[in-house]
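Chemist: Shown below is the structure under consideration.
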Amino acid sequence: MHKVTSIEYYSVRDIKGPLMIIENVSNVAYDELVEIETPTGETRLGKVLEVGFGLAIVQVFEGTTGLSPKGTKARFLGKTFELPVTEDMLGRIFDGLGKPIDGLPPPVPRDYLDINGAPINPERRDYPTNFIQTGISAIDGMNTLIRGQKLPIFSGAGLPHNMLAAQIARQATVIGQEEEFAVIFAAIGVQHDEASFFKKSLEETGAIKRSALFLNLADDPAFERIITPRIALTLAEYLAFEKDMHVLVILTDMTNYGEALREISAAREEVPGRKGYPGYLYTDLATIYERAGRIKGKKGSITQMPILTMPNDDISHPIPDLTAYITEGQIVLSRDLYRIGIYPPINVLMSLSRLMRDGIGEGKTRSDHPEVASQLYASYARAQELRALALIVGESSLTPTDLLYLRYAEVFERKFLAQSYYENRDIWKTLDLAWEVLSMLPETELTRIKEKHIKQYYRKKA
Amino acid sequence: MSSKVGKISWISGPTVRAEGLEGIKMYEVVYVGYDKLIGEVIAVSGDKAVIQVYENTSGLRPGEPVYKTGEPLSVTLGPGIIGRTYDGVQRPLDIIALKVGFFVKRGVTVDPLPTDRKWFFEPKVKVGEEVVEGDILGFVQETPLIKHAIMVPIGIEGKVSYIAKEGEYYITEVIAEITKNENKYSVNLYQKWPVRRPRPYKERLEPEVPLITGQRIIDILFPIAKGGTAAIPGGFGTGKTVMLHQIAAWCDARVVIYIGCGERGNEMAEVLVKFPELTDPYSGRPLMERTILIANTSNMPISAREASIYTGISIAEYYRDMGYDVVLVADSTSRWAEALREISGRLEEMPAEEGFPPYLASRLAEFYERAGRVVTLGRDKRIGSVTVIGAVSPPGGDFSEPVTVHTLRFVRTFWGLDSALAYSRHYPAINWIISYSLYVDSIAKWWEKFIGKNWLILRRKIQEILQKEDELKEIVKLLGPEALPDNEKLILDVARMIREGFLQQNAFDPIDSYCSVEKQYKMLKLFVEFYENAKATLEKGISLTKIRSMPVIVKLMRCRYTVPNDKTEELDKLHQEIIDSFNKIISE
């Protein structure tokens, strides 16, 4: 930006939803930060969404409740929204706009960064290949998390996604490298209980010292939700690429983010896309999710784990659908599994980790890992087909091999998938368990595994 | 005299309105603001223009200047393109990184081609020779794989009045002069071409040569011809990108252009890491020596995403004009359509279906029509082709949405990806019931002439078995598999063998990743013959259980990753073993 203006305008013309139209403005920049002062002296922040022909459309983050065109003052600050950043933000708690709410003074900033960031040059990205051991068999064995990956958890109301995320934050390590993750937690419109659950679980392990929490809770202004994930990622980028840290970012719940975006779009009277969400939802989500990864020549990394609750458990809803088009896979939770008491209730067939194949196998985990994962899937998928069939025609009309598949699925769910909230299984344990389960099937059914590994592991006690 | 500088009057995201631009033309390139951001005019009214800006417009203010250039958005064509990674408006990303670091910042001007590098030019014409547009003046060895033809630019003809001697030249140096009626035209090693205009050719040819991809389900069941078009729609996680990477890596084209259009940054990183390590099965050279990447990831400016498709296809046509077979892969055309939608929305145009502009269909048609196998301009009648393969990302995996529906009207091959197959880790997850190719008959001659007899009959047999399985599955759902007679159970068995042993292909297995045409043909034959033999054996009264327990089945199922491409004689042995095994159970 070239010139800083700090003229104050009293010329608010309209207020509509989160938007405010200010007239007779000059020299206002697109995306500029605006400070709004009410007659009572309270200040709010906003940004310019559209400017021209003497008008500026401003989105007010804290909402427009209580504002009146009369007496409201707008000051254009001559800069975009910037976050003061420093390593000392770890161990602290902030509100959804980045102000400390833990009663301590604001940390002394080392730098100010535009919260929108800038796209990482694809040519400078380093392809992520470091296996992160989460200690959860369904993830490590079949949907491996990689350092620098963005892997969301697709959940539904009432499912234990928060427990799963907290367990991952607590247990995640890279084998052979004893560095711990810095955890950045952004609550986007979640309930107080959920936020304090995370805080407590980080405190339990002492991880809170290397964590920063940004909280926009359910009763905080909805439009702040546009800002909260961006603030969290701005700090993450600073820590990862300036301070060489490995950062794990948890964003919960992205559905609330999408809804805030929809509300703003509706207020602007934009042509809606599917289910009333704006046509640019994909691009907008990408500006959040793409802020993950590794950069050539930099030590640090950003791993993202967004959580979203699928409205009505519908995976084809625009938010999970577009998210999965951007992220490198998804972990899908299943209500059916949870109902029969399986934790973590991960629906492995619908889950996927796109970066898995380059982070596992010889030299990374174990040479049989890719084949074992593929076989677990294929056999479980076959078992699910047979389960559906058995419901209709009865088990008696299935072949003996088919019946083995049914038993396989049962044991797979109870022994391999299920584990306790405090159980941290290493990858060798996970793979051994996988072989134990696969050994229930006849050798001829294991077509995805090469002979070499069959000889080595099939029906051998670990 | 028209004014050279106008000023910004309105800004909304990537869309800017400006006034005071007298004589401004549609699709003219302009520089916007003090930072001189690149933009393109997309609507004109008097001296006012609507501009789509290819860079982030944060901080731009009304009143800032807008500079005219008088030129349409163009690509710079010349040696140095191959192996490069460009953004949507042909700026090399590695040079941007050198200038501004690992984040893409705006207002960076960089040359598309290296100006500080000399190329060895080898003239092919003499002074006094008459030349027409498209004639080759000489060659530059661009990479060990690509001999880059320096052609007479479109619209130029006359007598060669100067030609440079064999030797090293910068791309900006004049290497030839062509004179006609006192007018002299200087030719450099590079030329410019407006991206939105298709490059002309002499004549279109029938698509009768298959593009070999090394992927069995494509080459055998749903083939694509050189110069053809294909769409690959699929919901998330169905393996679109892996499929496109496989095609880019293994297809038998001479030049591959991969456009990452609004997709993941890590996917481009993957290509950049892996392609230099992979070798082209046809030449044994690193794949990067024939590949051009255009990367405009989902978080990069949206209007440059719109341009990236045109940048890519113009480069493709240029290499086609040299006589090369070029493959252009666009991942994903849905993101490109979304860019159209966003710009259209900001202009408050009347929307058609789901907010997409009414001109979506005609834009898609224009793009796919730029594919083709042609006789190029120039008197030596070179033949070149551009094959276009576009991924489509339908929301919710629903193929009835506008981008999929309109795309299918303009492409001749349809590879429909299926989430249910992907969930059971059947890759490639191309659904064999809904997919189709309209090139089967025209390329059958090629297969039967060069690879093996009865290709058409054999592949039809496979399709019949799969089709029959699909029908039988409905019955099984109601009555259970035991209710079927043995000959129908056999169809289910063989269909499963075909699915797992033939259609499935592991992109990450060193042997299975690429399957040579010889191996494909022999495997095809093995599966069909297995079925024929099994059927005959059943008819002789031998039980299905006996057939099912034949050890040769496991061998057949595993041959895709046990028999290397250069040892297909092992498949002949396997063939004999199958016949022997059947003879054995018959004689028992």
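Chemist: Does B:Tyr169 satisfy the criteria of being outside any loop (DSSP other than H, G, I, E, B), over 29 Å from B:Glu289 (Cβ atoms) and out of contact with any helix residue (DSSP H, G or I) (no Cβ under 8 Å at 6 or more places or on another chain)?
Modeler: Values: outside any loop (DSSP other than H, G, I, E, B): yes; over 29 Å from B:Glu289 (Cβ atoms): no; out of contact with any helix residue (DSSP H, G or I) (no Cβ under 8 Å at 6 or more places or on another chain): yes.
No, not satisfied.
Chemist: Taking the stretch A:377-429 as the region of interest, how many residues are of a type in the set (Val, Ile, Thr) and part of a loop (DSSP other than H, G, I, E, B)?
Modeler: Of the residues in the stretch A:377-429, 1 are of a type in the set (Val, Ile, Thr) and part of a loop (DSSP other than H, G, I, E, B).
Chemist: Taking B:Ser581 as the residue in question, decide whether it is free of Cβ contacts under 8 Å to residues at least 12 places away in the same chain, hydroxyl-bearing (Ser, Thr, Tyr) and over 14 Å from B:Gln520 (Cα atoms).
Modeler: Working: free of Cβ contacts under 8 Å to residues at least 12 places away in the same chain: no; hydroxyl-bearing (Ser, Thr, Tyr): yes; over 14 Å from B:Gln520 (Cα atoms): yes.
For B:Ser581, the condition - free of Cβ contacts under 8 Å to residues at least 12 places away in the same chain, hydroxyl-bearing (Ser, Thr, Tyr) and over 14 Å from B:Gln520 (Cα atoms) - is not met.
Chemist: Here's a follow-up. Cβ-Cβ below 7 Å, separation at least six or inter-chain, first residue in the stretch A:398-427 and under 19 Å from A:Thr144 (Cα atoms), second charged (D, E, K, R): which pairs?
Modeler: Close Cβ pairs (under 7 Å, with a partner that is charged (D, E, K, R)) amount to A:Gln419/A:Arg425; A:Ile427/A:Asp140.
Chemist: I'm told A:Val348 meets every condition in (1) closer than 20 Å to A:Met163 by Cα; (2) of a type in the set (Val, Ile, Thr); (3) more than 10 Å from chain B (Cβ to nearest Cβ); (4) buried (at least 17 other Cβ atoms within 10 Å of the Cβ) except one. Can you identify the failing condition by its number?
Modeler: Only one criterion in (1) closer than 20 Å to A:Met163 by Cα; (2) of a type in the set (Val, Ile, Thr); (3) more than 10 Å from chain B (Cβ to nearest Cβ); (4) buried (at least 17 other Cβ atoms within 10 Å of the Cβ) is unmet by A:Val348, namely (3).
Chemist: Ok, one more. Given the condition at the interface with another protein chain (Cβ under 10 Å from one of its Cβ atoms), open to solvent by 10 Å² or more (accessible area, probe 1.4 Å) and of a type outside the set (D, E, K, R), answer yes or no: does some residue in the stretch A:322-334 qualify?
Modeler: Within the stretch A:322-334, one or more residues are at the interface with another protein chain (Cβ under 10 Å from one of its Cβ atoms), open to solvent by 10 Å² or more (accessible area, probe 1.4 Å) and of a type outside the set (D, E, K, R).
Chemist: Follow-up. Name, by its number, the condition in (1) open to solvent by 40 Å² or more (accessible area, probe 1.4 Å); (2) in a helix (DSSP H, G or I); (3) modelled with pLDDT under 95 that does not hold for B:Ile553.
Modeler: Against the list (1) open to solvent by 40 Å² or more (accessible area, probe 1.4 Å); (2) in a helix (DSSP H, G or I); (3) modelled with pLDDT under 95, B:Ile553 comes up short only on (1).
Chemist: Could you check the stretch B:61-75 and list, in sequence order, the residues that are out of contact with any Asp or Glu (no Cβ under 8 Å at 6 or more places or on another chain) and either among the aliphatic types (A, V, I, L, M) or farther than 30 Å from A:Phe76 by Cα (or both)?
Modeler: Once the filter is applied, which keeps residues that are out of contact with any Asp or Glu (no Cβ under 8 Å at 6 or more places or on another chain) and either among the aliphatic types (A, V, I, L, M) or farther than 30 Å from A:Phe76 by Cα (or both), the stretch B:61-75 yields B:Val66, B:Ser74, B:Val75.
Chemist: Could you check how many residues of the stretch A:292-321 are open to solvent by 10 Å² or more (accessible area, probe 1.4 Å) and within 13 Å of the chain's Cα centre (by Cα)?
Modeler: So the count comes out to 1.
Chemist: Here's a follow-up. Within the stretch A:388-405, identify whether any single residue is farther than 27 Å from B:Leu478 by Cα, in contact with a Leu (Cβ under 7 Å, 6 or more places away or on another chain) and not hydroxyl-bearing (Ser, Thr, Tyr), and answer yes or no.
Modeler: No: the stretch A:388-405 contains no residue that is farther than 27 Å from B:Leu478 by Cα, in contact with a Leu (Cβ under 7 Å, 6 or more places away or on another chain) and not hydroxyl-bearing (Ser, Thr, Tyr).
Chemist: Of the residues in the stretch B:343-402, how many are at positive phi, away from chain A (no Cβ under 14 Å) and open to solvent by less than 20 Å² (accessible area, probe 1.4 Å)?
Modeler: The total comes to 2.
Chemist: On to the next question. Right, A:Ile340: among the hydrophobic types (A, V, I, L, M, F, W, C) and surrounded by fewer than 20 Cβ atoms within 10 Å (Cβ to Cβ) or not?
Modeler: Yes.
Chemist: For A:Glu371, only one of the following conditions fails: (1) among the acidic types (Asp, Glu); (2) within 27 Å of A:Ile175 (Cβ to Cβ); (3) open to solvent by 40 Å² or more (accessible area, probe 1.4 Å). What is its number?
Modeler: (3)
So that you can scan it fast, the table gives a plain yes or no per residue for (1) at pLDDT 95 or above; (2) within 14 Å of another protein chain (Cβ to nearest Cβ); (3) more than 18 Å from the chain's Cα centre (by Cα); (4) part of a helix (DSSP H, G or I):
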residue: B:Ile178; (1), (2), (3), (4): yes, no, yes, no
residue: B:Val187; (1), (2), (3), (4): yes, no, yes, no
residue: B:Ala230; (1), (2), (3), (4): yes, no, no, no
residue: B:Ala249; (1), (2), (3), (4): no, no, no, yes
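Chemist: Restricting to the stretch B:72-108, what's the tally of residues that are facing chain A (nearest Cβ under 8 Å) and over 23 Å from B:Ser298 (Cβ atoms)?
Modeler: Matching residues across the stretch B:72-108 total 0.
Chemist: Right, here's the next one. Restricting attention to the stretch B:286-306, which residues are at the interface with chain A (Cβ under 8 Å from one of its Cβ atoms) and either within 16 Å of the chain's Cα centre (by Cα) or not hydroxyl-bearing (Ser, Thr, Tyr) (or both)? Walk me through it before giving the result.
Modeler: Filtering the stretch B:286-306 down to residues at the interface with chain A (Cβ under 8 Å from one of its Cβ atoms) leaves B:295, B:297-300, B:302.
Those that are at the interface with chain A (Cβ under 8 Å from one of its Cβ atoms) and either within 16 Å of the chain's Cα centre (by Cα) or not hydroxyl-bearing (Ser, Thr, Tyr) (or both): B:Ala295, B:Asn299, B:Met300, B:Ile302.
Chemist: Filtering the stretch A:242-284 down to residues that are part of a loop (DSSP other than H, G, I, E, B) and on the phi > 0 side of the Ramachandran plot, which residue is farthest from the other protein chains (Cβ to nearest Cβ)?
Modeler: Let us first name the residues in the stretch A:242-284 that are part of a loop (DSSP other than H, G, I, E, B), namely A:242-245, A:253, A:268-271, A:273, A:277, A:279-280.
If we keep only those that are on the phi > 0 side of the Ramachandran plot too, we end up with A:244, A:269.
Values: A:Asp244: 14, A:Glu269: 9 Å.
Applying the filter and picking the extreme gives A:Asp244.
Chemist: Check the stretch B:267-285 and report whether any residue there is more than 9 Å from chain A (Cβ to nearest Cβ), more than 14 Å from the chain's Cα centre (by Cα) and farther than 30 Å from B:Pro144 by Cβ.
Modeler: no
Chemist: Against the condition open to solvent by less than 20 Å² (accessible area, probe 1.4 Å) and either modelled with pLDDT under 95 or among the hydroxyl-bearing types (Ser, Thr, Tyr) (or both), how does B:Val131 come out, does it pass?
Modeler: No; evaluated as a whole, the condition is false for this residue.
Chemist: Would you check which residues across the stretch B:439-496 are of a type in the set (Val, Ile, Thr), more than 14 Å from chain A (Cβ to nearest Cβ) and farther than 23 Å from B:Lys226 by Cβ and list them?
Modeler: Passing the criteria: B:Ile457, B:Ile462, B:Ile465, B:Ile491, B:Val494.
Chemist: Here are some conditions: (1) open to solvent by 30 Å² or more (accessible area, probe 1.4 Å); (2) under 23 Å from B:Glu569 (Cα atoms). B:Lys535 meets all but one. Which one does it not meet?
Modeler: Looking at each condition in turn, B:Lys535 falls short on (2).
Chemist: Does the stretch B:548-567 hold any residues that are under 16 Å from B:Asp493 (Cβ atoms) and of a type outside the set (Lys, Arg), and which are they? So that I can check it myself, show each step before the final result.
Modeler: Taking the stretch B:548-567 as the starting set, the residues that turn out to be under 16 Å from B:Asp493 (Cβ atoms) are B:548-557.
Hits for the stretch B:548-567 are B:Ser549, B:Met550, B:Pro551, B:Val552, B:Ile553, B:Val554, B:Leu556, B:Met557.
Chemist: Would you mention how many residues in the stretch B:403-416 are hydroxyl-bearing (Ser, Thr, Tyr) and either open to solvent by 10 Å² or more (accessible area, probe 1.4 Å) or closer than 17 Å to B:Cys261 by Cβ (or both)?
Modeler: Of the residues in that region, 2 qualify.
The rows are residues; the columns are (1) closer than 24 Å to A:Gly279 by Cα; (2) touching a Lys or Arg at 6+ places or on another chain (Cβ under 6 Å); (3) open to solvent by 40 Å² or more (accessible area, probe 1.4 Å); (4) hydroxyl-bearing (Ser, Thr, Tyr).
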site: A:Phe198; (1), (2), (3), (4): no, no, no, no
site: A:Ile208; (1), (2), (3), (4): no, no, no, no
site: A:Leu215; (1), (2), (3), (4): no, no, no, no
site: A:Ala240; (1), (2), (3), (4): no, no, no, no
site: A:Met245; (1), (2), (3), (4): no, no, yes, no
site: A:Ile250; (1), (2), (3), (4): no, no, no, no
site: A:Thr255; (1), (2), (3), (4): yes, no, no, yes
site: A:Glu263; (1), (2), (3), (4): yes, no, yes, no
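Chemist: With the condition being buried (at least 20 other Cβ atoms within 10 Å of the Cβ), within 14 Å of chain A (Cβ to nearest Cβ) and of a type in the set (A, V, I, L, M, F, W, C), I'd like the strands (runs of 3 or more DSSP E) fully within the stretch B:10-49 carrying at least 2 qualifying residues.
Modeler: B:15-19
Chemist: State whether the residues of the stretch B:134-148 include one that is crowded, with 22+ Cβ neighbours inside 10 Å, more than 12 Å from every other protein chain (Cβ to nearest Cβ) and without any contact (Cβ under 8 Å) to a residue 60 or more places away in the chain.
Modeler: Scanning the stretch B:134-148 turns up at least one residue that is crowded, with 22+ Cβ neighbours inside 10 Å, more than 12 Å from every other protein chain (Cβ to nearest Cβ) and without any contact (Cβ under 8 Å) to a residue 60 or more places away in the chain.
Chemist: Let me ask you something else. Across the stretch A:397-421, which residue is surrounded by the fewest Cβ atoms within 10 Å (Cβ to Cβ) among those that are within 13 Å of another protein chain (Cβ to nearest Cβ) and touching a Gly at 6+ places or on another chain (Cβ under 9 Å)?
Modeler: A:Ser397
The values are calculated or read from the model by the stated rules, or taken from the named source; none is laboratory data. All values derive from a computational prediction rather than experimental measurement. Ideal geometry is used to build each Cβ from the backbone, glycine not excepted, and the neighbour counts take in all protein chains shown. Accessible surface is based on the protein model in full, side chains and every heavy atom, while ligands, DNA and RNA are left aside. Shrake-Rupley method; radii C 1.70, N 1.55, O 1.52, S 1.80 Å.
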